[in-house]
Amino acid sequence: MDRLNRNILAKVVTVCKFEYPTKARMAQMKLKAEGIKSWLSDELSDAYIDEMDLGSSPLLGGVKLQVRESDAEKAKAIISGSPEK
């Protein structure tokens, strides 16, 4: 199986949840700087709830920072030094 197919089929796991999208993006940048590919889940839904002034992401479970399962432990270690969630 070529590299592209392995990347597409890699299992993605949530390593952290953030109340605010900005903090999630900051953690994502730290992971990128360390060479870890990551994705944010529910970021746009959270922004829509904020815009409606109904509160923030706890209504939706927060913004989820996700990485490949094989990168999860390293990502958690890097995030543990991130600003408070």
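Derivation of every value follows stated rules applied to the coordinates shown; laboratory data play no part. These numbers were taken from a predicted model, which means no experiment stands behind them. Positions of Cβ are generated from backbone atoms using ideal geometry, with glycine treated the same way; all protein chains shown enter the neighbour counts.
Descriptive notes on the structure:
- Under 11 Å, Cβ to Cβ, from ILE78 - net charge with Lys/Arg +1 and Asp/Glu -1: +1
- Net charge contributed by nearby residues that have their C-beta within less than 15 Å of ALA33 (K/R +1, D/E -1): +3
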